[in-house]
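Each remark here refers to the structure printed beneath this line.
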Protein chains: 4
Amino acid sequence: MPIKRKMKAAVLHKPLDVRIEEVSVPRPKAGEVLVAMKSIGVCGSDVHFYENGRIGSFVVRKPMILGHESAGEVVKLGPGVKGLKVGDRVAIEPGFPCRRCGFCKTGRYNLCPDVIFYACPPHHGAYCEYQVAAADFAFKLPKNVSYDEGAMVEPLAVGMHACNRAQVGPGDSVAILGAGPIGLVTLQSAKARGATQLIAVDMDANRLKLAKKLGATDLVNASRKDTVKEVKRLTDGTGADVVMETAGAVRTTQQAVGCAKNGGRIVLVGMPTTDSFEMPVIEAIVKEVSISGLFRYANMYPPSIGLVASGAIDVKSMITKKFKLEDVPKALDFALRQGKNAIKILIHV
Amino acid sequence: MPIKRKMKAAVLHKPLDVRIEEVSVPRPKAGEVLVAMKSIGVCGSDVHFYENGRIGSFVVRKPMILGHESAGEVVKLGPGVKGLKVGDRVAIEPGFPCRRCGFCKTGRYNLCPDVIFYACPPHHGAYCEYQVAAADFAFKLPKNVSYDEGAMVEPLAVGMHACNRAQVGPGDSVAILGAGPIGLVTLQSAKARGATQLIAVDMDANRLKLAKKLGATDLVNASRKDTVKEVKRLTDGTGADVVMETAGAVRTTQQAVGCAKNGGRIVLVGMPTTDSFEMPVIEAIVKEVSISGLFRYANMYPPSIGLVASGAIDVKSMITKKFKLEDVPKALDFALRQGKNAIKILIHV
Amino acid sequence: MPIKRKMKAAVLHKPLDVRIEEVSVPRPKAGEVLVAMKSIGVCGSDVHFYENGRIGSFVVRKPMILGHESAGEVVKLGPGVKGLKVGDRVAIEPGFPCRRCGFCKTGRYNLCPDVIFYACPPHHGAYCEYQVAAADFAFKLPKNVSYDEGAMVEPLAVGMHACNRAQVGPGDSVAILGAGPIGLVTLQSAKARGATQLIAVDMDANRLKLAKKLGATDLVNASRKDTVKEVKRLTDGTGADVVMETAGAVRTTQQAVGCAKNGGRIVLVGMPTTDSFEMPVIEAIVKEVSISGLFRYANMYPPSIGLVASGAIDVKSMITKKFKLEDVPKALDFALRQGKNAIKILIHV
Amino acid sequence: MPIKRKMKAAVLHKPLDVRIEEVSVPRPKAGEVLVAMKSIGVCGSDVHFYENGRIGSFVVRKPMILGHESAGEVVKLGPGVKGLKVGDRVAIEPGFPCRRCGFCKTGRYNLCPDVIFYACPPHHGAYCEYQVAAADFAFKLPKNVSYDEGAMVEPLAVGMHACNRAQVGPGDSVAILGAGPIGLVTLQSAKARGATQLIAVDMDANRLKLAKKLGATDLVNASRKDTVKEVKRLTDGTGADVVMETAGAVRTTQQAVGCAKNGGRIVLVGMPTTDSFEMPVIEAIVKEVSISGLFRYANMYPPSIGLVASGAIDVKSMITKKFKLEDVPKALDFALRQGKNAIKILIHV
């Protein structure tokens, strides 16, 4: 089947202005493949760009295609590509690191200062019919993993990286603050690494219910209970071995320290909208905790796909709504207005 | 209920001579508890002592009670014990480290040169009605974990420690050479840490069948296939990330290197009966693999119990036969003669 | 030489009230030794207790002997002590952990909730003629290490633990904020682990001069330059691999994040006097740094003594003033009033 | 200065047949630089190829330029090169990894199956006037580091990687079996990471003398003493924390296990000429040691250069003889016949 020269894409022009347009199909360069998009997720960052036209210092200055959680079918190989063939079903890790800096050479390519990333201005994303990907960042999906699950590998990789940063291990108690998409994949990643107590904290009863289904052993409804007290109570007064802040709120970020055991490990996965705020520094010091930031992920697609394929991680249950590519504007509006009721929205091409 | 002063015990006098005798009930010292034994496993080392009266430099020179995989009920507290009470159901980690040497102080108390260990000459073991345990080495069993499962925590701890030595992680491919009790707990420990490809290798079809039930993704019958070739074939020609030698045979120990990927990690869990033998050293070097020995375990009871309680690890399916304390001689005979057909034999008190 | 039953000790009664008194000589229990004190350091915490009678939740409620950085001669062995003999010259690690909790058993005994520590209320410290120590916490000094250097091992152990928390390695760039005693031992510990760029930051020119002598490759006078800008400038714009906050100031704790490279490691060694304050959380997240607290140290005496003995670490140059035991009140007054001009004050018995 | 189109090179045609010939100057491709060679080391592998025309499965089938330890001056930039300019003095890491496989992406590019490496058949090496290098594998030399020292960074990187594999840390005791070039850089790398006891073992008194100069704390002349006994004696009977086998002999490889402490770490840096041989496997298991192979190195040039520049590591003292490029045949003959008396021979262009 010949590849068209023009394709449909959902292009963000300015805040709240996304248009379905005809644009050129990109061409795969050496080491790249062209992928026909099949399923693409709506991430909080997409909604944020849609609403504000920027995230921090990342500003959309010219029309940009959103979307970075994607899976599709390989339709064309750039020069020199090995290991993939036309027709392969793949999940796309949406980055192009430089491969030459100290970060890339030591396995932390997520910190590459020259990385190009889908839907990170000024680079286009995946709400379109075709996108190019680095061939070694397009990972074959096993037969029993669908395109929808393939798209979900991107947020899952964040949770996997968070657990890697915390070195979650067998028998750990893990408190997950926030039971949105990232909270739920982090919870499942921790469980897949052998954590045995998984305390999900959220203010929304439905999200907690889903957390329970996906492996939470204890639920804390933060609208009714004091999070720190409850986490301590549930851990015999010691606090959790690991605390995952995924809510991206100032309050939960502050509470993370109180929820942690002496010597515990905290990962800040969520991004509060306030740059600087008060933190209980002395408590963090005398408890000898570590607090780790997290920026995207590296080398997390293969294990993530493996755990979805094995059934150890269930991303299907997190998919709550689907839209067509033509309806990306509606999808973003829905996410913006009623996002709290959805866990994960997918775009189908 | 008052504690008797005398109890029944299965005492090894010399090879193949185990007698049921009346002996004194031991008294718990400061920091110790007295435990009424409920379930005790038969380990390969028990059978080995029974057959030969020695294992390497460990020689049974005076009558000794065998058994070290045990669970029971706390019946008496020694002075100063906190955190346990009479009636608690516990799994017993069968060691008493010195707590003062460099190994103990750095968390590797399994290497303590002065450790006392159940059924390691000249110290008595657990085939009896009562034994003492260090209070902090008697771990409370959750309600949904039976005494039989509690006894199984000891071999499980070996598998957990093996996975710890290899730092098994999410997405790893793991080849387990040998599907006996230790192979099966190692397999399950690896799975519980997120390994996604679990290749079980054995010459016995029944053992492989059980391995499959317990999580193996691939089976290799070594009586019909070449182990190294098969493991390579199943891993796209690269070899496994991790190789666990649990068969304790010279041949499988040698094969471990060939089964490993470049940069892979090998753990020698089994103990061949030959002290020194030919190993493919150059292959190990140029592949940059690591080969780690393993001696018992440290700090593995809490996560092991946690994973049994959560259902992530199934030790019940490995229990194939039970005997009464009075029948320990029969049990050891059975294990010696037909052990290959059994996975795990338990003694019930 | 018979041991007296009474000894002189410097006892803190209330803030600014330390008296030289006659008290009973303590007796070594099983596993303990009695040590005749020879040299004891004055730590910031001693001065803090002297000035305020408390540090955070640690309140001096009854008369207490201060001092915890000590070295001396073994004069008596408690029951069961091996590996030491009367006459041994030792540096004393001033803790008595429980040896039975999860922290103790995993090698992190500094986090033991039941640890007893010299001069941590209500336990007496070392400004006296004799103190008891756990035998395995009294470390023999090589011939070429003096008692004064032995006393310095305690603060050095803090710097060593800080470098351990940050996993300082060969070729690392390390920015040390604060060039007081802890800053200087941290700097030297980092150098001893192979760090090649050592940026010392302080507002005091004399301290910076000493930092230079002890291995600093770059100096930043924070009274004249912007710390964050300077550290970045000195690291080709990237920030340092590791940032050690040892000044214990709010401002430097906040600056630590800005001084760190993407993916960098920050250790908060100093203790600001404000419990909670504003921190640049978003910057920490997007840079994927880790921020680790630190509480005392564990297993750091042997390597610290080794590095002092080898000459890799110079603690002698940090000793600026000495007082007699009778003059502890003067020494504390001096430290309180002119401490900024001293690096380390020692008490000689 | 214009670059010539032809240059002199020392080309290996068949065993013992190296000719100085005129060959084409290579051209730097995108991301590469052309370097005018200044100093190139003679490695054991060069001598091995010279003598036998092969090393294991690496066979010289067509004329090949030897040499891979090199430093020189950048004379031309390929397209897209940043961070280097003509005139820069650089040490060359002699590899070109694929940058796309799992090993490359996780920071272990030394295991890349598609890596191209200087003087590894069929790729040319560095005994010539000009060679190309990946720009990010050409590391700028500080002013105080000479070209000769720059060439020495290559073997040093092996020692650094060995210490990284063993995670040598402060206070470690390290036994280094073999005091040839690799033994001496390994010894110095261990010292630079804070090891405090450095036991050098060799049969040659002159080498031991140099080891002493470079930091060895203890010497064992293996021609007169039993290595295992001596290492144990020097470590209070326990064995060394880390054992580095650098002699590449069957006997020392076997002895490495006996020299190690319980729980110790062994790295096999040397390459015995026998593929498989008897190893004390049971001793390795019950002592819970780890034995790690090593293949080249990754990410070791920056810290190595840093430690040479700081003076922590002295490679100059290891340079014992220099030849001109025209005299490479003589240099290789010398190395072959009298190599035991030399430590490191350099070729000057």
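Values for this structure:
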{"read-out": "Two-decimal Rg/Rh across the stretch D:159-293, once Rg and the Kirkwood Rh are taken from alpha-carbon atoms", "value": "0.92"}
{"read-out": "Computed FRET value (nearest 0.05) for residue D:51 with residue B:54, which takes r as the C-beta separation and R₀ as 45 Å", "value": "0.35"}
{"read-out": "Estimated FRET transfer efficiency (residue C:236, residue D:144; beta-carbon r; R0 22 Å; 0.05)", "value": "0.75"}
{"read-out": "Solvent-accessible area lost in complex, 30 Å² minimum, residues of the stretch C:299-324 relative to chain alone, 1.4 Å", "value": "C:299, C:303, C:307"}
{"read-out": "Per-pair calculated FRET efficiency, R0 = 25 Å: residue A:250 and residue A:327 via Cβ, rounded to 0.05", "value": "0.15"}
{"read-out": "Residues whose placed amide H lies under 5 Å from that of residue C:98, excluding near-sequence neighbours", "value": "C:114, C:115"}
{"read-out": "Contact surface A-C: accessible area buried, both sides summed, square angstrom, 1.4 angstrom probe", "value": "2800"}
{"read-out": "Cα-based shape type of the protein assembly as shown, given that a ≥ b ≥ c are square roots of the gyration tensor eigenvalues and the cut on a/c is 1.5", "value": "rounded"}
{"read-out": "Accessible-area value, residue D:124, 1.4 Å probe, nucleic acids and ligands omitted, Å²", "value": "80"}
{"read-out": "Spin-label pair residue C:338/residue A:205, simplified geometry with 7 Å Cα→Cβ offset, distance in nm", "value": "7.1"}
{"read-out": "Computed magnitude of the charge dipole of chain D (debye, nearest 20; Cβ of K, R +1, Cβ of D, E -1)", "value": "720"}
{"read-out": "Cα gyration tensor category, rounded, prolate or oblate, for chain C with a/c compared to 1.5", "value": "prolate"}
{"read-out": "About the Cα centre, charge dipole magnitude for the stretch C:159-293 (Lys/Arg +1, Asp/Glu -1 at Cβ), debye", "value": "420"}
{"read-out": "Solvent-accessible area, 1.4 Å probe, carbon plus sulfur percent, for chain B", "value": "52"}
{"read-out": "Relative contact order, percent, the stretch B:1-74 [alpha-carbon distance under 8 Å, six or more residues apart]", "value": "37"}
{"read-out": "Mean accessible surface per residue for chain D, computed with a 1.4 Å probe while every protein chain stays in place, in Å²", "value": "38"}
{"read-out": "Three-way shape call for the stretch A:26-145 based on the alpha-carbon gyration tensor, with the a/c threshold at 1.5", "value": "oblate"}
{"read-out": "Environment charge at residue D:65 (Cβ cut-off 13 Å; Lys +1, Arg +1, Asp -1, Glu -1)", "value": "-1"}
{"read-out": "Positive-end extreme of charge dipole, chain A - chosen from A:215, A:263, A:142 (charges on Cβ)", "value": "A:142"}
{"read-out": "Charge dipole (debye, nearest 20) of the stretch D:217-349; +1 at Cβ of Lys and Arg, -1 at Cβ of Asp and Glu", "value": "460"}
{"read-out": "Between helix B:301-310 and chain B: long-axis angle, C-alpha atoms, 0 to 90°, nearest 10", "value": "80"}
{"read-out": "Accessible area (Å², 1.4 Å probe, nearest 10) - residue D:233", "value": "150"}
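The values are calculated or read from the model by the stated rules, or taken from the named source; none is laboratory data. Bear in mind the structure is a predicted one, so any value in this text is a computation, not a measurement. With ideal geometry, Cβ positions are generated from the backbone for all residues, glycine too; neighbour counts draw on all protein chains shown. Protein only, heavy atoms only, side chains kept; ligands, DNA and RNA dropped before computing areas. Shrake-Rupley method; radii C 1.70, N 1.55, O 1.52, S 1.80 Å.
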